[in-house]
Amino acid sequence: MTGRGRASQCIRRVHGSARWNGRPCLLGEQRPWTEENVIAAIGRPMRRPHILIVDSEPRMIKILTMVLGERGYRMSSAQSAVEAQVVIDSRRTDLVLMECELRYSKRIDLAAYAKDQGSSVVLMSGDPDDIVQCEEHGDPYLIKPFTIAKLVGVIKSILGRPVAGESPLLA
């Protein structure tokens, strides 16, 4: 392999004639050009993780959106379970960070719905009763008030990868 390595060879093959079942493939192998295969081939994700914040307090949404957006995450927000369901349906969401009291709203179990759609869920609450319920169900949670370091640590542990362009050593 030449100096640029697998990434440049991968790009050349995709823009060249390498195909598998009518779709571009990686390195002449019988693997389709999917996000997982690109990560395996070049060692980094193609897109930044998307986080949905669901909270009834606009100020909390604004702070979390700003803090996590600065760290490279794509952000969306909702102030109700119904709004959150629309966001989850309209775009791929990697993580839903939601206030516990909004978990069950208008007959929607938002946490279960998000998990069914392939999203991870982290619950937030300052109410001790909610925390006990989270522990019983095995859901990850943050106790309000929490530090930014704690928030980022929980997100990274759940997503299991650093944000694109971020050094894994700093993760």
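Listing for the model above:
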quantity	calculated
Residue among Leu123, Leu170, Leu159 that alone is open to solvent by 50 Å² or more (accessible area, probe 1.4 Å) and either touching a Phe, Trp or Tyr at 6+ places or on another chain (Cβ under 9 Å) or modelled with pLDDT under 90 (or both)	Leu170
Within segment 61-160, strands (runs of 3 or more DSSP E) holding 1 or more residues that are among the acidic types (Asp, Glu) and more than 12 Å from Ile51 (Cβ to Cβ)	95-99
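The values are calculated or read from the model by the stated rules, or taken from the named source; none is laboratory data. Not measured: the values here are computed from a predicted model. Positions of Cβ are generated from backbone atoms using ideal geometry, with glycine treated the same way; all protein chains shown enter the neighbour counts. Side chains are part of the model used for accessible areas, which takes the heavy atoms of the whole protein and leaves out ligands, DNA and RNA. Shrake-Rupley method; radii C 1.70, N 1.55, O 1.52, S 1.80 Å.
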